[in-house]
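Read through the structure below, which is laid out as structure tokens, and then see the notes.
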Amino acid sequence: MQKIQLFKDTLSTAWPAVLESFFISLAGMIDTMMVSSLGTYAVSAVGLTTQPKFITLSFFFAINVAVSALVARRRGQNNQKNANEVLITAVVISIILTILLTTLSIFFADPIIHLCGSASDTHAYGVTYFKIIQGGMIFNVLSMVINAAQRGSGNTKIAMTTNIASSCVNILFNYLLIGGNFGFPKWGLAGAAIATVLGTIVASLMSIRSLFKKDSYVSIPFILKENIHPLKETLTSITSLGSNFLIENIAMRVGFLTTSVLAAN
């Protein structure tokens, strides 16, 4: 009987993540097909931005791994206050890091895309796409951090719903902005980048809204009621847990980037 209940609990926790991964992959394939309608240069330009984008996001992937683990631990200890301290600390440090990385990405977009092996027919498009994507990174980061805390508290469905909504908005505005359908401006590759950012805006709003629900373990009303602030000790815990993942992820992404540049040459 216990084994059956354990199986049910595991399935209940895992199925949203499985469905989320499937839908993200499907939406990514559709997104690539829609961008490819512009020509091979568009697909190449988007490809140039993939590794530098993920290198910047590596910092937040590391934070999210630590946040999920710490919140899950505090949930197990029935320590709601500390779980919310983890969330607010992670949000503050993520916002600071996002401002820094967004500024650097936009300012150095031209040499970054050159470093990624751009050609004369893809460079300008790659720079434009990269600037728009990185300029809207804050919305993606906020959604990721909040979803990580929610996942650690046992709410695995929020990441699924936000990512599905984000993908749907992305696909819709790809159709409207790439080709200029239904009276929308025809912005081509820039329109595809804007569609991606609009999708992350919707996801971040949904994630923030989840923090106001009465049954949410990590909660903005609870943070305000208990006057919870970011703590240096909590930041140390997040850094300690996430540092190894950060180093591993950046090394992997730099390896992918180096391999692709060498192959192109």
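The values are calculated or read from the model by the stated rules, or taken from the named source; none is laboratory data. Quantities reported herein were computed from a predicted structural model and do not represent experimental measurements. FYI the Cβ positions are ideal-geometry reconstructions off the backbone, even for glycines, and counts take in every protein chain you see. The accessibility values were calculated without ligands, DNA or RNA, using every heavy atom of the protein model including side chains. Shrake-Rupley method; radii C 1.70, N 1.55, O 1.52, S 1.80 Å.
Select, from ALA190, ALA149, ALA159, the only residue that is of a type in the set (A, V, I, L, M), assigned to a helix (DSSP H, G or I) and surrounded by fewer than 19 Cβ atoms within 10 Å (Cβ to Cβ).
Working: ALA149 fails: surrounded by fewer than 19 Cβ atoms within 10 Å (Cβ to Cβ); ALA159 fails: surrounded by fewer than 19 Cβ atoms within 10 Å (Cβ to Cβ).
Result: ALA190 is the single residue among ALA190, ALA149, ALA159 that is of a type in the set (A, V, I, L, M), assigned to a helix (DSSP H, G or I) and surrounded by fewer than 19 Cβ atoms within 10 Å (Cβ to Cβ).
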In the set LEU177, LEU87, LEU100, LEU104, which member is over 27 Å from SER237 (Cα atoms) and of a type outside the set (Gly, Ala, Ser)? LEU177
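In the stretch 49-98, what count of residues is obtained for those that are open to solvent by 50 Å² or more (accessible area, probe 1.4 Å) and in a helix (DSSP H, G or I)?
Here is the first cut: in the stretch 49-98, the residues open to solvent by 50 Å² or more (accessible area, probe 1.4 Å) are 53-54, 59, 61, 65, 73, 75-81, 92, 95-96.
After this cut, where a residue has to be in a helix (DSSP H, G or I) as well, the list is 53-54, 59, 61, 65, 73, 75-76, 80-81, 92, 95-96.
Here the count works out to 13.
So, in the stretch 223-237, of the ones that are out of contact with any Leu (no Cβ under 7 Å at 6 or more places or on another chain) and within 18 Å of ALA148 (Cα to Cα), which residue ends up surrounded by the most Cβ atoms within 10 Å (Cβ to Cβ)? It would help to see each step written out before you state the result.
Residues of the stretch 223-237 that are out of contact with any Leu (no Cβ under 7 Å at 6 or more places or on another chain), as a first pass: 223-236.
If we keep only those that are within 18 Å of ALA148 (Cα to Cα) too, we end up with 223, 230, 234-236.
Working: ILE223: 18, PRO230: 15, THR234: 21, LEU235: 16, THR236: 11.
Per the stated criteria, the residue is THR234.
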Which one of the conditions (1) within 15 Å of THR200 (Cα to Cα); (2) of a type in the set (A, V, I, L, M); (3) crowded, with 24+ Cβ neighbours inside 10 Å does ILE132 fail to meet, given that it meets all the rest? (3)
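If a residue must be in contact with a Ser or Thr (Cβ under 8 Å, 6 or more places away or on another chain) and either assigned to a helix (DSSP H, G or I) or closer than 17 Å to ARG75 by Cβ (or both), how many such residues does the stretch 196-221 contain? Talk me through it step by step, then tell me what you get.
The initial filter retains those residues of the stretch 196-221 that are in contact with a Ser or Thr (Cβ under 8 Å, 6 or more places away or on another chain), namely 199-200, 202-204, 206-207, 210-213, 216-218.
Pick out the ones that are also either assigned to a helix (DSSP H, G or I) or closer than 17 Å to ARG75 by Cβ (or both) and you get 199-200, 202-204, 206-207, 210-211, 213, 216-218.
Total meeting the criteria: 13.
Residues are listed down the side, and each one gets a yes or a no for (1) under 17 Å from VAL71 (Cβ atoms); (2) free of Cβ contacts under 8 Å to residues at least 40 places away in the same chain; (3) among the aliphatic types (A, V, I, L, M):
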| site | (1), (2), (3) |
| --- | --- |
| ILE178 | no, no, yes |
| PHE182 | no, yes, no |
| ALA195 | no, yes, yes |
| ALA203 | no, no, yes |
| LEU211 | yes, no, yes |
| SER216 | yes, no, no |
| SER219 | yes, no, no |
| ILE228 | yes, no, yes |
| SER243 | no, no, no |
Within the stretch 115-129, considering residues that are open to solvent by 50 Å² or more (accessible area, probe 1.4 Å) and touching a helix residue (DSSP H, G or I) at 6+ places or on another chain (Cβ under 7 Å), the one farthest from LEU97 (Cα to Cα): ASP121
